[in-house]
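Novice: So that we are looking at the same thing, I have put the structure below in structure tokens.
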Amino acid sequence: MYDQTRAQQPDDRSSGFGAHRAQGPEPLIPSDERDKIVRHLGHAVNHFPDTPREALEEAEVAFDAAADALVRALAERRRGLREGWQDQDAEGQSTELRFALREYREITGRLLRV
């Protein structure tokens, strides 16, 4: 049903660059790599009616690329986190250790929600 009051309210979204970007953690896979995978998957979907088997093979390649990129990104994130706390003194650096724990919790939570 049309809500005239709501329709007359000003749009509080900005129209500049990044206006549609969702707030939240930074993506694990770099945008250029994500875009390439999305293009491959889109190509597969668009060509399915004409060449279903080839489309499925291309979709599988896109899936494999996404999985490989995720594994690489997680390994890099883990390496960075570990380097940040591994040589820290537990008594004197509790702030840095707490930050590392929050990062582990955040990334693990994201994985569990996938």
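Novice: Select from the range 14-37 the residues that are closer than 15 Å to LEU74 by Cα and among the acidic types (Asp, Glu) and write down the one among them that is modelled with the lowest pLDDT.
Specialist: Only one residue tops the list, namely GLU26.
Novice: Could you give every pair whose Cβ atoms fall below 7 Å, whose first residue belongs to the range 68-87 and is within 16 Å of GLY109 (Cα to Cα) and modelled with pLDDT under 90, and whose second residue is of a type in the set (Asp, Glu) and surrounded by 12 or more Cβ atoms within 10 Å (Cβ to Cβ), counting only separations of at least 6 or pairs across chains?
Specialist: Sorted first by the residue in the range 68-87, then by its partner, the pairs are LEU81/GLU103.
Novice: Checking the condition part of a loop (DSSP other than H, G, I, E, B) and crowded, with 16+ Cβ neighbours inside 10 Å, which residue from LEU41, LEU28 passes?
Specialist: Exactly one of LEU41, LEU28 is part of a loop (DSSP other than H, G, I, E, B) and crowded, with 16+ Cβ neighbours inside 10 Å, namely LEU28.
Novice: Also: So is THR51 at pLDDT below 90 and of a type in the set (Ser, Thr, Tyr) or not? Outline the logic, then answer.
Specialist: Numbers: at pLDDT below 90: no; of a type in the set (Ser, Thr, Tyr): yes.
Here the answer is no, as THR51 does not meet what is asked.
Novice: Take the residues of the range 61-93 that are aliphatic (A, V, I, L, M) and closer than 17 Å to VAL38 by Cβ: which is surrounded by the most Cβ atoms within 10 Å (Cβ to Cβ)? Spell out the reasoning first.
Specialist: Taking the range 61-93 as the starting set, the residues that turn out to be aliphatic (A, V, I, L, M) are 61-62, 65-67, 69-71, 73-75, 81, 90.
Right, trim to closer than 17 Å to VAL38 by Cβ and you get 61-62, 65-67, 69-70, 73.
Working: VAL61: 14, ALA62: 20, ALA65: 17, ALA66: 18, ALA67: 11, ALA69: 17, LEU70: 14, ALA73: 16.
Filtering first and then ranking leaves ALA62.
Novice: Quick one: is GLY92 in contact with a helix residue (DSSP H, G or I) (Cβ under 8 Å, 6 or more places away or on another chain), at pLDDT below 95 and either in a helix (DSSP H, G or I) or at negative phi (or both)? Working first, answer last.
Specialist: Working: in contact with a helix residue (DSSP H, G or I) (Cβ under 8 Å, 6 or more places away or on another chain): no; at pLDDT below 95: yes; either in a helix (DSSP H, G or I) or at negative phi (or both): yes.
The answer is no for GLY92.
The values are calculated or read from the model by the stated rules, or taken from the named source; none is laboratory data. Just so it is clear, the model here is predicted, and its values are computed rather than measured. Note that each Cβ is placed from the backbone with ideal geometry, even for glycine, and that neighbours are counted across all protein chains shown.
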